[in-house]
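What follows is a set of notes on a single structure, which appears directly below.
The values are calculated or read from the model by the stated rules, or taken from the named source; none is laboratory data. The structure displayed is predicted, hence computed values, not measured ones. Every residue, glycine among them, receives a Cβ derived from its backbone with ideal geometry; neighbour counts consider all protein chains shown. The area values use the complete protein model at the heavy-atom level, side chains included, leaving out ligands, DNA and RNA. Shrake-Rupley method; radii C 1.70, N 1.55, O 1.52, S 1.80 Å.
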Amino acid sequence: MWWYIGKRLLQTIPVILGATFIIWALVFLRPGDPILGLFGDKPASPAVKAAIEHQYHLDENFFVQWLYFLKGIFTFDLGDDFRGQAISTQLQNAFPVTVTLALMALVFEAIFGVVLGTIAGLRRNGWFDSTMLVATLIMLAIPIFVIGFVFQLFFGVKLGWAAVTVGGDWTVSKLILPAVVLGIVDLAYTLRLTRTSVAENLSADHVRTARAKGLSPGLVVRNHVLRNSLIPVTTHLGVNVGGLMAGAVITEGIFNVPGVGNLAFRSIQQGQSTTVVSVVTVMVLVYVLMSLLVDLLYAVLDPRIRYA
Amino acid sequence: MSETPLLELRDLHVGFRNEKKKMIPAVAGASLTVYPGQTVAIVGESGSGKSTTAHAIIDLLPGTGKVTGGEILFEGKPIKSGDRKSILALRGSSIGLVPQDPMSNLNPLWRVGSQIKEALVANGVAKGKAADQRVVELLEEAGLPDAERRARQYPHEFSGGMRQRALIAMGLAARPKLLIADEPTSALDVTVQKQILDHLDKLTDQLGFAVLLITHDLGLAAERADHLVVMYHGQIVESGPAREILRDPAHPYTKRLVSKAPSLASQRLSSAKARAEVREQAMQTAGEIVSELQDADEHFGEVPNDVIVAENLTKIFKLRGAKPWQSVDFVAVDDVSFRLRRGTTTAVVGESGSGKSTLARMVLDLLPPTSGTVKFDGVDIRSLKGKEQLQLRRQMQPVFQNPYASLDPLYTIYESIAEPLRTHDIGDGKQREARIRELLEKVSLPTSVMKRFPAELSGGQRQRVAIARALALEPEVVICDEAVSALDVLVQAQILELLNDLQAELGLSYLFITHDLAVVRQIADDVLVMQNGKVVEAASVSKVFDDPQEAYTRKLLDAIPGAGIEMAV
């Protein structure tokens, strides 16, 4: 077990090296000079520009710049961006709100997806199942920015039930509407997965045996259908947490949430390579740790799986 | 008998609705009676409606199944399929079920003990600590050693036989008056089957419950039940005391069943005599072919009498050990040597896990042996490369166990049989078609099946296709890995006859892998009995059956169901 966890953690090292290298290369290839942008309309003095470039190692070649970045990661000192703000502070400000948003979206999609999916699976091909089929199709078909703007207009502006935008002083209640928008596509996936899984398990041999034992229908569903059906759903949800955080860029943009998505978007526009790659590194870590967590959870749910 | 029957079916009709909302009848007018303490067996082939009848009794028909007519009476009171409450009260407490497949009938996520405890709690027998205690007693009663520890384990830590014992404990947990045993042992090895059925017999005597035994094996049914009910195409064609039916079957279907059931047929001397004739003819044909070859090709040299010679074959698999850097050696096949004489059949017999399939894969050159050699016509098969290896594959063809899995579902029958011809670049389109027609004729299939897909054929037909495909390249040796195990008895008998005829006609040599000693006498000349990777006995078939030397062989022979029944020959 510990050997397995250790092995998985060791595997993250090449993943992080590879991911940062690729992102670094992409930002490097982006046209435009970020330092020149700092001067605005004023003429750039070559001496000052050279000094700044030296300060950020921009006069070195691309590969050496990447090595400097790696050094920053391993010494826990990511340094400043081109405007002189500490990158670690920016990450500290941005991550809590995105993590909260992602978790709220996760709770929303998990509760509604599993409950509605179970009902649909138990009454397969009934009117409820058909309604859910159409509803999930709609959720999957409409792009997230359309849903976002429509919800913002309808629930925020017209009905006034929720804050239209979130802004700098975010609170949990302000994040409800963005969380719903963020979770809605995955809700459709979760619902369908639960529905199929429940319907499949209902006809399993061991469920018939449980009925033959004399268990009431409620007990059969609770003990022998639900738990078995939720294993694939758990995997899907767990792997998705990373996706929710990364996918928050659009939602954060629409509702003006001061989170990681906004930070990444701004940094890419400004060519703040160190900031972009730092954000990505944290994202990769979240992804890797979440999938490890899911694998470990899998072993808890299914006694047949043991890691050695 | 004047007492009220425990269970009575009167003219029961069960149907399944198909996609066009039409009812397809599965059981058409079944009537039977089970008295308290009696063991009644329903015998029939797959699709005969025997399991459907059993599931209708406890209202657990799958999918669109529905009782469309007739009556089910339990202790004189009717069971109505709509009346959920009273059926729920009957399930478990009055009627227990031991299901067919021990692998899929336990929930893999719950401890075995808690699954049995559930039955106790649901039927109000015991609760809490008392129930835990009772679970251990029940498992002990079902013949599971070390029950206290076992109750805390998960199903995947149990072997098939142990799981079936747990399922029996579960079925008997609330002391039902009737136990429905739906093919309780057909997924198990014969020796385990015998242990479990013996134990069930003992429990029936002790506890006095009635058993409705559902089985495809006539020998087994006759041995275990007082009363037989024979089902065919959803109807009960014959019923009566077991011995009477065996001695004097009235319905033509029962007659065929009695004469073909391998467990019974294997006792007959006539089958051994027929086999000897087949062998003689086959060896003669094989000899002719060899001498023809030698005449045609001077370089062919001396062709040995033994077509396959395996010497000291050993296969060791490395398994993951307790620590990540450790590995454990698992000896699957341990120093096995045998010879396959041209034109004869050597059967490899053993229980699951005895290494017989691993042996077959090594002989087919699909798996490299850890040590030892396989010689085909005197040439070590491992030394062959490229073209020569391809040539070897032509001469040695396999037929596998599961005719549902060994044919590509997206290939027509024509394409399936043509594939080996194309691979080896034999003939043009017209010649291939002629060859395929000829092959289908050989395996007694109409040429109209060429355009069909495997899903449109029955299990027996598919196995015929698999045999035709194996014969397409005119091999010298056919390796049958459990080639008839998945088939119904009558179909099994047909395929065995077909294999015998083909051997006599074409001079084939068979390596016949099976767990079922009952079929061995009908097809084999030499027998290799394997246990835990080792050969425990190797002798001619008559010697093994009439004068077995090893205790293990005797145990296998005793376990053939129906062995003790006297037959009208």
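Once the Cα atoms are used to define both axes, helix B:489-506 deviates from the longest principal axis of chain B by about 10 degrees. Within the shell defined by Cβ-Cβ distances under 15 Å, the residues around residue B:125 carry a net charge of +4, with Lys and Arg each +1 and Asp and Glu each -1. Within chain B, the longest segment free of exposed loop sites, counting trypsin sites (Lys or Arg not before Pro) that fall outside DSSP classes H, G, I, E and B and have at most 10 other Cβ atoms within 10 Å, spans B:23-384. Entry note, chain A: relative contact order of 27 percent, from Cα contacts under 8 Å with a spacing of 6+ residues.
Under the simplified labelling scheme, the residue A:172-residue B:273 pair shows an inter-label distance of 8.9 nm, with each label point 7 Å from Cα along Cα→Cβ.
Under the definition of Cα pairs under 8 Å and six or more residues apart, what whole-number percent is the relative contact order of chain B? It comes to 15 percent, rounded to a whole number. Computed over protein heavy atoms with a 1.4 angstrom probe, the accessible surface ordering of A:100, B:215, largest first, is A:100, B:215.
Across chain A, the longest run free of exposed loop sites, meaning trypsin sites (Lys or Arg not before Pro) lying outside DSSP classes H, G, I, E and B with no more than 16 other Cβ atoms within 10 Å, spans A:125-303. Label sites at residue B:11 and residue B:311, each approximated as a point 7 angstrom past Cα along Cα to Cβ, lie 7.4 nm apart. Counting only aspartates and glutamates at least 8 places from residue A:174 when in the same chain, those with an alpha carbon closer than 19 Å to its own are A:109, A:252.
Any chance you could check the Cα centroid distance between segment B:136-150 and segment B:431-508 for me, in angstrom? The two parts, judged by their Cα centres, are 46 Å apart.
You can think of it this way: the chain between residue A:165 and residue A:146 has 5.3 nm of extra reach, that is 0.36 nm per residue less the Cα-Cα gap. Close amide H pairs (under 5 Å, H built 1.01 Å from N) link residue B:31 with B:11, B:12, B:236, residues at least 5 positions away or on another chain.
Straight-distance candidates among the lysines for linking to residue B:202, with alpha-carbon spacing under 21 Å and chain neighbours fewer than 8 residues away dropped: B:177, B:194, B:555. The HN-Hα couplings worked out from phi for segment B:32-44 by the Karplus form 6.51 cos²θ - 1.76 cosθ + 1.60 (θ = phi - 60°) are 7, 9, 10, 8, x, x, 8, 10, 10, 10, 9, 10, x Hz, whole numbers, x standing for Gly and Pro. Accessible surface ranking for B:116, B:426, 1.4 angstrom probe, highest first: B:426, B:116.
For chain A, modelled as a GNM whose springs connect Cα atoms under 10 angstrom apart, the maximal fluctuation among A:99, A:134, A:164 occurs at A:134. In this simple spin-label model, placing a label point 7 Å from the Cα along the Cα-to-Cβ direction at both residue B:103 and residue A:89 gives a separation of 6.4 nm. Note: relative contact order over segment A:96-258, using C-alpha pairs below 8 Å and six or more positions apart, is 39 percent. Rolling a 1.4 Å probe over the protein heavy atoms gives segment B:390-525 an accessible area of 39 Å² per residue. Report the antiparallel proportion of the DSSP beta bridges in the protein assembly as shown as a percent, rounded to a multiple of 5. Taking every DSSP beta bridge with both residues in the protein assembly as shown, the antiparallel ones total about 55 percent.
The local environment of residue B:229, defined by Cβ-Cβ distances under 12 Å, has a net charge of -1 under the rule Lys, Arg +1 and Asp, Glu -1.
Compared with the direct C-alpha span, the chain from residue B:433 to residue B:388 gains 13.6 nm at full extension, assuming 0.36 nm per residue. Pairs from the table (B:387/B:442; B:117/B:534; B:20/B:50) lying more than 31 angstrom apart at Cα are B:117/B:534. Working note: 222 nm ellipticity from helices only, DSSP H runs with n ≥ 4, each -39,500 (n - 2.57), summed and divided by the residues of chain B, gives -11500 deg cm²/dmol to the nearest 500. Quick note on segment A:1-134: its Rg to Rh ratio, both from C-alpha atoms and Rh being the Kirkwood radius, is 1.20.
Extent along the principal axes, Cα only, for chain A: 86, 56, 29 Å, with the longest axis given first. The heavy atoms of residue A:56 offer some 40 square angstrom of accessible surface to a 1.4 angstrom probe. For a modelled paramagnetic label at residue A:112, 7 Å from Cα along Cα-to-Cβ, the residues of segment A:130-148 in reach, with backbone nitrogen under 11 Å, are A:136, A:139. Label zone of residue B:251 (point 7 Å out along Cα→Cβ, amide N under 16 Å): in segment B:36-62 this covers B:41-54. Each residue of segment B:8-14 was assigned a 3J(HN,Hα) from its phi angle through the Karplus expression (A = 6.51, B = -1.76, C = 1.60, θ = phi - 60°), giving 9, 9, 10, 6, 6, 10, 10 Hz with x at Gly and Pro. Within segment B:103-122, the residues that become at least 30 Å² less accessible when every protein chain is included than when their own chain is isolated (1.4 Å probe; DNA, RNA and ligands ignored) are B:104, B:105, B:107, B:108, B:109, B:110, B:118, B:122. Heavy-atom accessible area, probed at 1.4 angstrom with all protein chains present, ranks A:200, A:252, B:8, B:71 as A:200, B:71, B:8, A:252, highest first.
Taking the three principal axes of the alpha carbon atoms in the protein assembly as shown, the coordinate ranges are 112, 83, 55 Å, sorted in descending order. Cross-link partners of residue B:85 among lysines, defined as those whose alpha carbon lies under 17 angstrom from its own and excluding same-chain residues fewer than eight positions apart: A:213, B:77. Remark: segment A:112-120, residue by residue, has Karplus-estimated 3J(HN,Hα) of 5, x, 6, 5, 5, x, 5, 4, 4 Hz, where x stands for each Gly or Pro and the curve is 6.51 cos²θ - 1.76 cosθ + 1.60 at θ = phi - 60°.
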